[in-house]
Amino acid sequence: SSSSSSSSSVMEQSHDSMQQSSVDRLLLVDGNALVYRAYWGYSQMGFTNADAVRLDDDDETTTTTEVVETGSLFGFLRMLLVLLEIRPLPKYVSVVFDSKGKTFRHDLYKEYKQNRQPTPDDLRTEVFPRIKELV
């Protein structure tokens, strides 16, 4: 019947518009977890900035003498963009990172991070700062 098809199309339209609009929700992203996942999953691919063609503001090719591992950056951004595809889209997004040093968690649970390996030097000195700059 025509009434059932018109009501179903109205429902589809309102569902589509609801999917496209943002809602008063907050998406919190565990930045450290995403960085580690990207580092161990993508950095081993061997991508560096030497693999990319970069253009400056005048559309001229630029070069750099500093070679930086970029697989982690690519992986982090790729996973973050996937998170931003959720619907309905949250109105607010925040990427949070662990603070340095001892926290209240160490006082609450003596074994907190006890068996964790130290952060690799390149992750600590190159990847984390670049990702924080991106965010």
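Compared with the alpha-carbon gap, the fully stretched path from R105 to K132 is longer by 7.4 nm at 0.36 nm per residue. Residues Y39, Y92, ordered by accessible area of protein heavy atoms at a 1.4 angstrom probe radius and largest first, appear as Y92, Y39.
Contour minus end-to-end for L77 and K113, with contour as 0.36 nm per residue of separation and end-to-end as the Cα-Cα distance? Could the numbers behind the result be given before it?
Details: separation 36, 0.36 × 36 = 12.96 nm, distance 2.61 nm.
Length difference between fully extended and current span is 10.3 nm.
Summing Lys and Arg as +1 and Asp and Glu as -1 over all other residues whose Cβ lies under 14 Å from the Cβ of Q114 gives a net charge of +3. Across E85, E69, E111, E126, the residue with the most accessible area heads the list, and the full order at a 1.4 Å probe is E85, E111, E126, E69.
The values are calculated or read from the model by the stated rules, or taken from the named source; none is laboratory data. Here the structure is a predicted model, which is why all the values come from computation and not from measurement. With ideal geometry, Cβ positions are generated from the backbone for all residues, glycine too; neighbour counts draw on all protein chains shown. Quick note on the areas: whole protein, heavy atoms, side chains included, nothing else; ligands and nucleic acids left out. Shrake-Rupley method; radii C 1.70, N 1.55, O 1.52, S 1.80 Å.
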